[in-house]
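Would you mind keeping the following structure in view while I ask a few things?
The values are calculated or read from the model by the stated rules, or taken from the named source; none is laboratory data. Please read all numbers here as calculations on a predicted model, not as lab measurements. Heads up, the Cβs are rebuilt from the backbone with ideal geometry, glycines too, and the neighbour counts pull from every protein chain shown.
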Amino acid sequence: MTSHDDHFDLIIIGSGSGNGIPPFLDDRRIAMVERDVFGGTCLNRGCIPSKMFVLPADRVVEAAEAADIGVEIDVRSVDWVGIRDRIFGRIDPIAAAGREYRAERCENVTLVEGTARFVADDASGQHVVDVDGRRISAPDVLVVAGSRPTVPPITGLAETGFHTSDSIMRLDAPPPRLGIIGGGYIAAEMGHVFAGLGSTVTMFNRSERLLSAHDREISERFTSAVAERFHLRLGHLPHRIERRPDGIVVHCGAEEVIVDELLVATGREPNSDLLDCDALGVDMHHHGTIVVDEFQRTSVPGIWAAGDIANVHRLKHVANHEAQVAFWNIAHPDQMRPRTMAPVPAAVFSHPQVASVGLTEEAAIAAGDDIVIGRRDMAGVAYGWAMEDSTGMAKVIVDRSSGLILGAHVIGPQAATLIHPLVQAMTFGQRAVDIAREVYFIHPALTEVVENALLDAMEQLDN
């Protein structure tokens with residue numbers, strides 16, 4: 001049994017997206033459980049600091065590319081410590097202030113620090129959570145406990161030592177030689193950061209392509225583009241790691257690659273295994289995420305879940321939305337709202353940028369959809385001429401019968417911004433022809449690449 005002081009109206013496990021408690025819960029007595037640094041992955045070691053590192057790396061690469069348009073720019077130095085301290089000098093106080101507010105000044109929230117796990121419900125039917133020996137209870141529990149880096153079972157890796165995205169951005173200096181195991185978005189972004197700011201980067205990836213989960217055509221363009229900046233070892237992962245006096249030795253096939261630091265970026269896994277969900281019979285997917293319905297309810301009444309622990313997107317904008325849906329439904333059980341089923345966009349902030357939404361060409365074909373593909377290289381529009389871009393493109397996948405956009409993909413400068421007209425069109429069911437022929441696209445803005453990709457698809461539909 002829990003004491004009165006340890007009984008709450010709501011328990012929130014996780015202080016990332018779970019920290020966005022809306023005002024309509026101000027009258028509830030809430031316990032917030034956090035096992036790590038306050039504020040979650042995105043704020044402390046994920047999307048925010050990584051993009052703040054990406055920006056100076058962009059500037060270095062753009063300086064080198066300026067020669068293509070007749071401007072010679074020399075980068076005199078890169079102040080890694082200054083960059084790092086500017087970033088975390090801003091982020092760390094935000095995390096500390098958030099913790100202090102919840103721990104000391106938020107009247108209806110009690111911060112409980114430690115690792116949470118479910119135990120059997122108490123005699124009154126309340127859900128009980130054990131936090132490092134302290135037991136707390138509530139009728140509702142929202143699980144927003146996030147995910148953590150996956151570590152592959154490579155011989156010698158643990159003994160040799162390595163970094164993940166949790167630690168790599170806190171280094172005192174960029175290593176002269178950085179090895180990266182993985183080829184997804186974290187590997188692509190950190191590879192860009194360290195190659196731009198002074199490291200020689202060698203990337204090891206199981207697939208023959210980087211960003212292999214993306215549309216194949218986009219993935220191939222990205223791999224070809226970064227091969228000019230990274231040393232790529234594709235088609236298999238290292239089978240052994242060891243440390244010698246001359247550095248960390250990565251054995252990959254018959255080759256030995258020596259690096260000074262090693263980043264493991266082979267994906268992320270949900271933290272559900274830490275919670276002992278079986279104690280309450282919470283249904284799980286085979287890959288470890290918690291099963292939820294459109295209202296963020298789990299299979300156990302009163303247990304809710306959102307974010308990385310409840311979906312495969314691993315995106316902060318999705319986690320924030322799902323958490324807000326769960327908060328609303330916890331407070332308004334008779335007026336529940338479903339999460340949006342809109343297409344989920346995502347972006348990779350490497351160089352070049354990549355953005356995507358909806359189906360890839362391969363997925364559409366596999367699903368049996370009758371499609372047309374619209375394409376336009378950035379080199380084929382006026383602003384692309386100005387940039388002398390040779391990599392960028394926009395690609396749209398359009399259903400032949402309905403004219404609806406099933407997927408969209410952009411690679412090149414500002415891809416994460418350029419894709420949004422297509423995200424909006426897909427969200428509101430606008431046909432490709434509506435966007436291509438009924439909307440003014442500013443000339444000669446780079447958004448013309450989106451317009452021209454749509455027009456390319458329209459020409460095929462007209463024939």
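If you go through segment 198-239 one residue at a time, how many are aliphatic (A, V, I, L, M) and assigned to a loop (DSSP other than H, G, I, E, B)?
Selection size over segment 198-239: 5.
Exactly one of (1) surrounded by fewer than 22 Cβ atoms within 10 Å (Cβ to Cβ); (2) over 26 Å from ALA63 (Cβ atoms); (3) among the hydrophobic types (A, V, I, L, M, F, W, C) is unmet by ALA379. Its number?
Against the list (1) surrounded by fewer than 22 Cβ atoms within 10 Å (Cβ to Cβ); (2) over 26 Å from ALA63 (Cβ atoms); (3) among the hydrophobic types (A, V, I, L, M, F, W, C), ALA379 comes up short only on (2).
Does PHE222 meet the test of being of a type in the set (Phe, Trp, Tyr) and within 17 Å of LEU263 (Cα to Cα)?
Here the answer is no, as PHE222 does not meet what is asked.
Every residue in segment 222-253 that is in contact with a Ser or Thr (Cβ under 6 Å, 6 or more places away or on another chain) and under 16 Å from ALA415 (Cβ atoms), please.
ALA225 - this is the single residue of segment 222-253 that is in contact with a Ser or Thr (Cβ under 6 Å, 6 or more places away or on another chain) and under 16 Å from ALA415 (Cβ atoms).
Out of ARG297, ARG268, which single residue is closer than 20 Å to ARG45 by Cα and either surrounded by fewer than 17 Cβ atoms within 10 Å (Cβ to Cβ) or not hydrophobic (A, V, I, L, M, F, W, C) (or both)? Before the answer, list the steps.
On the way: ARG297 fails: closer than 20 Å to ARG45 by Cα.
Every option except ARG268 fails the conditions.
May I pose another question? Within segment 391-425, work out how many residues are outside any loop (DSSP other than H, G, I, E, B) and surrounded by 22 or more Cβ atoms within 10 Å (Cβ to Cβ). Outline the logic, then answer.
Start the filter on segment 391-425 by keeping residues that are outside any loop (DSSP other than H, G, I, E, B), which leaves 393-399, 404-411, 415-418, 420-425.
Retained after the next criterion (residues that are surrounded by 22 or more Cβ atoms within 10 Å (Cβ to Cβ)): 393-398, 405-411, 415, 418, 422, 425.
Number satisfying all stated conditions: 17.
Still on this structure: Which condition number does SER272 fail, the rest of (1) of a type in the set (Gly, Ala, Ser); (2) part of a loop (DSSP other than H, G, I, E, B); (3) touching a residue at least 60 places away in the same chain (Cβ under 8 Å); (4) within 30 Å of PHE24 (Cα to Cα) being met?
(2)
Can you tell me which residue in segment 428-446 is nearest to the chain's Cα centre (by Cα), limited to those that are β-branched (Val, Ile, Thr) and crowded, with 16+ Cβ neighbours inside 10 Å?
ILE435
A further question follows. For segment 13-58: of the residues being free of Cβ contacts under 8 Å to residues at least 60 places away in the same chain and part of a helix (DSSP H, G or I), which is surrounded by the fewest Cβ atoms within 10 Å (Cβ to Cβ)?
By that ranking, first place goes to PRO23.
Another question, then. Any residue in segment 90-112 that is closer than 10 Å to ASN44 by Cα and in the same structural domain as GLY16 (by TED's automatic domain parsing) sitting within a Cβ distance under 7 Å of a residue that is of a type in the set (A, V, I, L, M) and surrounded by 14 or more Cβ atoms within 10 Å (Cβ to Cβ)? List the pairs, counting only those 6 or more apart or interchain.
ILE91/LEU43; ILE91/ILE48; ILE94/LEU43; ALA95/VAL37; ALA95/LEU43
Of all residues in segment 278-329, which are of a type in the set (A, V, I, L, M, F, W, C), under 18 Å from SER15 (Cβ atoms), part of a helix (DSSP H, G or I) and in contact with a strand residue (DSSP E or B) (Cβ under 6 Å, 6 or more places away or on another chain)?
Selection gives ILE309, ALA326.
Could you identify the single residue in PRO421, PRO343, PRO444 that is under 30 Å from PHE295 (Cβ atoms), in contact with a helix residue (DSSP H, G or I) (Cβ under 9 Å, 6 or more places away or on another chain) and modelled with pLDDT of 95 or more?
PRO343
When segment 128-158 is examined, which residues are found to be among the charged types (D, E, K, R) and free of Cβ contacts under 8 Å to residues at least 40 places away in the same chain? Lay out the reasoning, then the answer.
In the first step, residues of segment 128-158 are kept if they are among the charged types (D, E, K, R); the result is 130, 132, 134-135, 140, 148.
Answer for segment 128-158, where residues must be among the charged types (D, E, K, R) and free of Cβ contacts under 8 Å to residues at least 40 places away in the same chain: ASP130, ASP132.
Let me confirm something: among ALA173, ALA195, which residue is part of a helix (DSSP H, G or I) and either surrounded by fewer than 24 Cβ atoms within 10 Å (Cβ to Cβ) or in contact with a strand residue (DSSP E or B) (Cβ under 9 Å, 6 or more places away or on another chain) (or both)? Step through it out loud before you land on a result.
On the way: ALA173 fails: part of a helix (DSSP H, G or I).
Step by step, each of ALA173, ALA195 is checked, and only ALA195 is part of a helix (DSSP H, G or I) and either surrounded by fewer than 24 Cβ atoms within 10 Å (Cβ to Cβ) or in contact with a strand residue (DSSP E or B) (Cβ under 9 Å, 6 or more places away or on another chain) (or both).
Could you pull out the residue among ILE136, ILE186 that is crowded, with 16+ Cβ neighbours inside 10 Å, at pLDDT 95 or above and not in a helix (DSSP H, G or I)?
Numbers: ILE186 fails: not in a helix (DSSP H, G or I).
After ruling out the rest, the residue left standing is ILE136.
Would you say VAL257 is of a type in the set (A, V, I, L, M, F, W, C), surrounded by 14 or more Cβ atoms within 10 Å (Cβ to Cβ) and in a loop (DSSP other than H, G, I, E, B)?
Answer is no for this residue.
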